[in-house]
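Asks: Dumping the structure here so I can ask a few things about it.
The values are calculated or read from the model by the stated rules, or taken from the named source; none is laboratory data. Because the structure is predicted, anything quoted here is derived from the model rather than measured. For neighbour counting, all protein chains shown are included, and Cβ atoms are generated from backbone atoms with ideal geometry for every residue, glycine included. Heads up: the accessible areas ignore ligands, DNA and RNA and are worked out on the full protein's heavy atoms, side chains in. Shrake-Rupley method; radii C 1.70, N 1.55, O 1.52, S 1.80 Å.
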Amino acid sequence: MLNLPKEEVFGLPNIKSAKKRVLIGAARNARNKATKSALKTAIKKFEAAAAEGNRTEADGAYKVAVKKVDQAVAKGVLHKNTAAHKKSAMTLKLNKIG
């Protein structure tokens, strides 16, 4: 269960369950943003290592980026086909470094 803040919800909802849904939505939104930002950072680090042509650094960054992509799919932030597309593109870049 999500840890909901003990604050009053102001604005549109008047019904208790609607107020709870607003708080749950805010908590999920924060979790999704954190997951997406971690994913973007991992992919950028891999892209930078691949652009330099540093194979060992790119290997490590690739493993981290793939793990972040899989975590995003597990949390429902990314669709599985989008994740497969991202992983495939990263794999091709990694193999081109050779």
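Asks: Give the residues of the range 50-66 that are in a helix (DSSP H, G or I) and open to solvent by less than 80 Å² (accessible area, probe 1.4 Å), sorted by residue number. It would help to see each step written out before you state the result.
Replies: First, pick out the residues of the range 50-66 that are in a helix (DSSP H, G or I): 50-52, 55-66.
Within the range 50-66, ALA50, ALA58, ASP59, GLY60, ALA61, TYR62, VAL64, ALA65, VAL66 qualify.
Asks: Pairs only if they're at least six apart or on different chains, beta carbon under 6 angstrom, first in the range 79-98 and over 15 Å from ALA61 (Cβ atoms), second open to solvent by less than 100 Å² (accessible area, probe 1.4 Å) and of a type in the set (A, V, I, L, M); list them, first residue then second.
Replies: Once the first residue is over 15 Å from ALA61 (Cβ atoms) and sits in the range 79-98, its partners that are open to solvent by less than 100 Å² (accessible area, probe 1.4 Å) and of a type in the set (A, V, I, L, M) give LYS80/VAL73; ALA83/VAL69; ALA83/VAL73.
Asks: If we keep just the residues of the range 1-21 that are loosely packed, with under 10 Cβ neighbours inside 10 Å and of a type in the set (Lys, Arg), which is modelled with the lowest pLDDT?
Replies: Step by step, filter the range 1-21, then rank; the result is LYS6.
Asks: Could I ask something else about it? List every residue pair whose Cβ atoms sit under 6 Å apart, with the two residues 6 or more apart in sequence or on different chains, where the first one lies in the range 29-56 and is farther than 20 Å from LEU94 by Cβ and the second, anywhere, is among the small types (Gly, Ala, Ser) and surrounded by 12 or more Cβ atoms within 10 Å (Cβ to Cβ).
Replies: Note: pairs meeting the criteria are THR35/ALA72.
A quick yes/no check of all residues on (1) open to solvent by 50 Å² or more (accessible area, probe 1.4 Å); (2) modelled with pLDDT under 95:
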residue: LEU23; (1), (2): no, yes
residue: ALA34; (1), (2): yes, no
residue: ALA42; (1), (2): no, no
residue: LYS68; (1), (2): yes, no
residue: ALA74; (1), (2): yes, no
residue: LYS80; (1), (2): yes, no
residue: HIS85; (1), (2): yes, no
